[in-house]
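Only one structure is covered here, and it is reproduced in the block below.
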Amino acid sequence: MMRAHNFSAGPATLPEVVLQQAAAELPEYRGTGMSLIESSHRSKAYDEVHNATIERIRRLLNIGDSHEVLLLGGGATMQFGMVPLNLLTGDSFCAFTRSGAWAEKAFEDASKVGTVTTVFDGASTNYTTLPNPYELQCDPEAVYLHLTSNETIGGLQWHDFPDTGSVPIVADMSSDIMSRPLPIDKFGIIYAGAQKNLGPAGVTVVVIRKDLLPKCNPAIPAYLSYPVHASKQSLYNTPPVFPIYLMNLVLQWVEEQGGVTAMQEASRTRSELIYSIIEQSEGFYHCPVEQASRSRMNIVFTLKNKDLEAAFVKKAAELGMVGLKGHRSVGGVRASLYNALPMAAVHDLAGFMRGFASENG
Ligand SMILES: *Cc1c(COP(=O)(O)O)cnc(C)c1O
């Protein structure tokens, strides 16, 4: 078996040991006589997986009794609509930090539901900057402040979160959840599609502060309602059984590696290595994002000679490093360095970048 170094932004690389365990258990799950994905979602075997997954998320992110953990379908994209449908009721309004492509999508959907104000707009810097979290001003009347903790396409990441007083932060953490410890108390809602740092596509983690549940709009369909899912421990309907099972294995792996502080250390090491090569390349490589806002998950860069970008991506792929092409909307190169990416992949990429620059510089 030859596994590539997979730098894809999502769906993304998963720990090989997890895939092997899943493969071994797939036809017959732990003496039940069937695959877990053939079992009832009310079965004992599945129930254990379901609860273990939620417990692991709680343990890893140090989530206390103040917040509920939900496992939903629909991707992070469904949360773009679900958050405002639940919270943006009557003549209330929410506030947005518009930091890039993903924040814009969330902004557009919220704007269809209700009134949205902008507290930061990165458009004027072509989405290469984030606001200073200590200076961000948010109207205390807003029902929530939305931010995108890591802009997967633009390569920006919030390294600290603002103090918004009584205004809960709602954060799309799809591409950096489980990569660092979090100040959970600051957040009203955290949501994340699984397919970057948590597992396969198909399940979305939603962490919601319990005191928001009674404030949610009751006049929306059942599946869209947070209180409905919370009251049934995310078993109101058939949950995405297989993605949840796999996510549980990934989270177990994260625990074995030393939890989110170990993930944070690793992400620092990985990203500092690649950024240092960009900085030392004397302009051969260029990262457009301001220093303080650079992502540790998705490193975005261009080559001084644009014509060489396709050759860079092609040659890397020939050497087993795939998924490096920048998003179609921005071009350039993007190296996604998620939790499960082996350090060897980062060293190989670093060596390749040095070599490519000296051959073509
Ligand atoms: C990938 C991604 C999304 C979209 O997730 P889906 O699960 O495809 O809906 C949303 N926000 C961010 C920050 C992402 O990285």
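The values are calculated or read from the model by the stated rules, or taken from the named source; none is laboratory data. Since this is a predicted model, take the numbers as computed values, not measurements. Quick reminder, even Gly has a Cβ in these numbers, built from the backbone with ideal geometry, and neighbours come from all protein chains shown. Side chains included, ligands, DNA and RNA excluded: accessible areas come from the protein's heavy atoms. Shrake-Rupley method; radii C 1.70, N 1.55, O 1.52, S 1.80 Å.
Residues that are in contact with a Pro (Cβ under 6 Å, 6 or more places away or on another chain), at pLDDT 95 or above and more than 16 Å from the ligand (Cβ to nearest atom): does the stretch 89-112 have at least one? No, every residue in the stretch 89-112 fails to be in contact with a Pro (Cβ under 6 Å, 6 or more places away or on another chain), at pLDDT 95 or above and more than 16 Å from the ligand (Cβ to nearest atom). Here Ala101 meets each of (1) surrounded by fewer than 19 Cβ atoms within 10 Å (Cβ to Cβ); (2) at positive phi; (3) touching a strand residue (DSSP E or B) at 6+ places or on another chain (Cβ under 8 Å) with one exception, condition (2). Taking residues in the stretch 43-54 that are open to solvent by 10 Å² or more (accessible area, probe 1.4 Å), and partners anywhere that are of a type in the set (Val, Ile, Thr), the pairs with Cβ atoms closer than 8 Å and at least 6 places apart or on different chains are Ser43/Thr32; Ala45/Thr32; Ile54/Val69. Return yes when Ala45 is over 18 Å from Ile169 (Cα atoms), hydrophobic (A, V, I, L, M, F, W, C) and part of a loop (DSSP other than H, G, I, E, B) and no when it is not. So Ala45 does not fit the description; no. Exactly one residue out of Gly188, Gly165, Gly199, Gly258 is among the small types (Gly, Ala, Ser) and within 15 Å of the chain's Cα centre (by Cα), and it is Gly199.
For the stretch 13-37, the set of residues classified as of a type in the set (S, T, N, Q) and open to solvent by 70 Å² or more (accessible area, probe 1.4 Å) consists of Gln20 only. Residues in the stretch 183-228 that are within 14 Å of the ligand (Cβ to nearest atom) and β-branched (Val, Ile, Thr): Ile189, Ile190, Val203, Thr204, Val205, Val206. Here Gln137 fulfils each of the conditions (1) more than 22 Å from Leu213 (Cα to Cα); (2) away from the ligand (no atom under 11 Å from the Cβ); (3) open to solvent by less than 10 Å² (accessible area, probe 1.4 Å) apart from (3). The residues listed here are Phe120, Phe161; of these, the one that is open to solvent by 20 Å² or more (accessible area, probe 1.4 Å), over 18 Å from Val83 (Cα atoms) and among the aromatic types (Phe, Trp, Tyr) is Phe120. A single entry from Gln233, Gln252 fulfils the requirement of being within 19 Å of Val49 (Cα to Cα) and either touching a Cys at 6+ places or on another chain (Cβ under 6 Å) or not in a helix (DSSP H, G or I) (or both): Gln233. Examine the stretch 48-71 for a residue that is in the same structural domain as Gly114 (by TED's automatic domain parsing) and within 16 Å of the ligand (Cβ to nearest atom), and state whether such a residue exists. The answer is yes, given that some residue of the stretch 48-71 is in the same structural domain as Gly114 (by TED's automatic domain parsing) and within 16 Å of the ligand (Cβ to nearest atom). As a summary of the residue check, Thr152 satisfies the conditions (1) within 12 Å of the ligand (Cβ to nearest atom); (2) buried (at least 24 other Cβ atoms within 10 Å of the Cβ); (3) more than 13 Å from the chain's Cα centre (by Cα) except for the one numbered (3).
Evaluated against (1) within 16 Å of the ligand (Cβ to nearest atom); (2) open to solvent by 50 Å² or more (accessible area, probe 1.4 Å), Gly10 falls short on exactly one condition, (2).
Here Ala292 meets the list (1) open to solvent by 40 Å² or more (accessible area, probe 1.4 Å); (2) touching a Phe, Trp or Tyr at 6+ places or on another chain (Cβ under 7 Å) almost entirely, failing just condition (2).
Residue by residue, here is whether (1) buried (at least 20 other Cβ atoms within 10 Å of the Cβ); (2) in contact with a helix residue (DSSP H, G or I) (Cβ under 6 Å, 6 or more places away or on another chain); (3) among the hydrophobic types (A, V, I, L, M, F, W, C) holds:
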| residue | (1), (2), (3) |
| --- | --- |
| Glu256 | no, no, no |
| Gly259 | no, yes, no |
| Ser267 | yes, no, no |
| Ser276 | no, no, no |
| His286 | no, no, no |
| Arg296 | yes, yes, no |
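Could we say that Ser40 is away from the ligand (no atom under 16 Å from the Cβ), loosely packed, with under 14 Cβ neighbours inside 10 Å, farther than 26 Å from Pro214 by Cα and small (Gly, Ala, Ser) here? Yes, satisfied.
Quick grid of which residues meet (1) surrounded by 24 or more Cβ atoms within 10 Å (Cβ to Cβ); (2) farther than 23 Å from Pro15 by Cα; (3) not polar (S, T, N, Q):
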residue: Val143; (1), (2), (3): no, yes, yes
residue: Ser166; (1), (2), (3): no, yes, no
residue: Ser175; (1), (2), (3): yes, no, no
residue: Arg180; (1), (2), (3): no, no, yes
residue: Leu198; (1), (2), (3): yes, no, yes
residue: Leu213; (1), (2), (3): no, yes, yes
residue: Gln233; (1), (2), (3): no, yes, no
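Listed by first and then second residue, the pairs linking a residue in the stretch 152-163 that is at positive phi to a residue that is part of a loop (DSSP other than H, G, I, E, B), with Cβ atoms under 6 Å apart and 6 or more places separating them unless they lie on different chains, are Gly155/Val289; Gly155/Ser295.
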